[in-house]
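See structure below.
The values are calculated or read from the model by the stated rules, or taken from the named source; none is laboratory data. Quantities reported herein were computed from a predicted structural model and do not represent experimental measurements. Using ideal geometry, Cβ is built from the backbone for each residue, glycine included, and neighbour counts are taken over all protein chains shown.
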Amino acid sequence: MTVLRDAYRACYKAGICLLALLALVLAGCGGGSGATGTLRLALTDAAGNYDSVVVAIREIRLVPAGQEDNETGAGLPVVVSFDPAIQYDVMQLAFSQQVLGEATVSAGTYNQLRLVLAPNPPSGEPLNYVTLKSDPTTKIPLHTPSGQESGLKIVGHFEVRPGVINAIALDFDPEKAVVQAGASGIYNLKPTGIRIVQLDAVLPEYGSLSGSIAPEAAWSTGIVSVIPEGASAPIASGSVNPEDGSFRAFVPAGSYAVRVTAAGFAAYDTRELDPPVYYAVTVGADTPVGTLTLTPNP
């Protein structure tokens, strides 16, 4: 169903939107089984050298497993639709959240999101743009190839489970997502700078763990999970960036282990080190874990 802007406004005025994530609630239905679940979608960012990075969101579509080759986006479930598009400055979305609304989708496995943006007008001020810290008043148009048609392809595995709250975040890293094309002065939005991270919940207060994995051969299939000390189930998980092996996970304050899996490699789990290693996370701050090196299977 279409997300209503009134739901967003009501949430904002009620003070529910405490932290700077864009959150979307999706009720999941399991087809003929009648099973239901809820997915919360959020947008957050990493710090960068830009003063602002503004995108005008028109639609967000889900891509069920097996439909990744749908190049046009036709028939994909639309979970957010704004007319006119709503602009968000992702540089203001650090350790905070805003609820967008809710929509109904099928429970199941999804491997991609399509982020459909409004086009920049041929003249006048752009809808999608960046400003630099060195010149915060000049709006530089942000070019978004395919972003206005089929949508930017945000790759990442996540599940919408029936009967429970499911949460994911779109982790926007401006330094990787915004790329200047040589000396042309043209700035492009690159979808590989946006990651899907599955969370235990959209959190009122949280910090993050960040790092990378090695070797490069593990980047394309690497999955990182964050497990609270004393627990067995992860509180957050997601794919690493396939271009550089980096990852970031959002969790409440606490102590956490990190587990990494990748095709062709033995699992790496900081609980199995001697001694076991746990990382302390505080609210509103990032905890670096460094580079975690995997060992190839024999």
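Test Ala74 against the stated conditions and say whether it is on the phi < 0 side of the Ramachandran plot, at pLDDT below 85 and either assigned to a strand (DSSP E or B) or assigned by TED's automatic domain parsing to the domain that holds Gln112 (or both).
Numbers: on the phi < 0 side of the Ramachandran plot: yes; at pLDDT below 85: yes; either assigned to a strand (DSSP E or B) or assigned by TED's automatic domain parsing to the domain that holds Gln112 (or both): yes.
Yes: the conditions hold for Ala74.
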Meets criteria (at pLDDT below 75, touching a Ser or Thr at 6+ places or on another chain (Cβ under 8 Å) and acidic (Asp, Glu)) for Glu149: yes
Residue within region 140-158 that is surrounded by fewer than 15 Cβ atoms within 10 Å (Cβ to Cβ), among the β-branched types (Val, Ile, Thr), more than 22 Å from Gly75 (Cα to Cα) and outside the structural domain of Arg248 (by TED's automatic domain parsing) present: no
One residue from Leu115, Leu100 being buried (at least 21 other Cβ atoms within 10 Å of the Cβ), in a strand (DSSP E or B) and modelled with pLDDT under 85: Leu100
